[in-house]
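Accompanying notes for the structure given below.
All of the numbers you see were taken from the coordinates with simple rules; none came from a lab. Since the model is a prediction, treat every value here as computed from it, not as a measurement. FYI the Cβ positions are ideal-geometry reconstructions off the backbone, even for glycines, and counts take in every protein chain you see.
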């Protein structure tokens, strides 16, 4: 696998997470922590044109895990509401201008990590409504919610294969965090990674051939890419700083991620051949 030069896209140094390209690759949505608030923001793919699309909140409750819809018109995200000393996490959608907000999944069960199906008709997400994190799917309008995983372990961070037939996810069902895959109806679960260190946050490439993920197998969090069947894992970030939250460019030829280099946290992009 050829790994091209890595370029820094943002320079403000504020903590960031969960970048995601628009389907046309012209913009990137991500979360930025600024003034004690997690807000959802958009920049152009060259790092310019910054704008925050979520409104500042007086309660400073976070809004995060943005995922761009396949048609480019909506962004799904996790919306947190406080209730006394407790809180609830909901799955919501909004337009790319931050308006036209719709609540898709509600409740106090830590609903988070939304991921669009390739046809835009469903959202996979993780929830603790069964007492531990499990993967569910729900229709775009919030109807026909279905549980996919039924394990006492922690199952989270779903990502769809581009043909919609499989969902990869992270689980600690075998003792430590590894990457697994199942058919989109929750059947035929199999393990893709097998390492004593944690492997987390899988992201399927748009061409279906690769899965990017975060691994701690080198003593720090690095971005890895493996074949979709789990073979040939390669470290593509190769840096002593923390590297997390990989996301593919729509052409499958580059990854964007968050790295804490120079003692600050920014977005970086690297070509993947």
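Observations
- The chain - convex hull of the alpha-carbon atoms, volume per residue in Å³: 126 Å³
- Comparing 154, 94, 145 in a Gaussian network model of the chain (Cα springs below 10 Å), the most mobile by mean-square fluctuation is 145.
- Anisotropy class of the stretch 29-96 from Cα gyration tensor, a/c 1.5 cut: oblate
- Over all directions, the projected convex hull of the C-alpha atoms in the stretch 33-176 averages 10.1 nm² in area.
- With neighbours defined as other Cβ atoms within 10 Å of a residue's Cβ, the residues 137, 264 order from fewest to most as 264, 137.
- Report note on the peptides 199-206, 21-28, 229-236: ranked by the mean count of other C-beta atoms within 10 Å, highest first, their order is 199-206, 21-28, 229-236.
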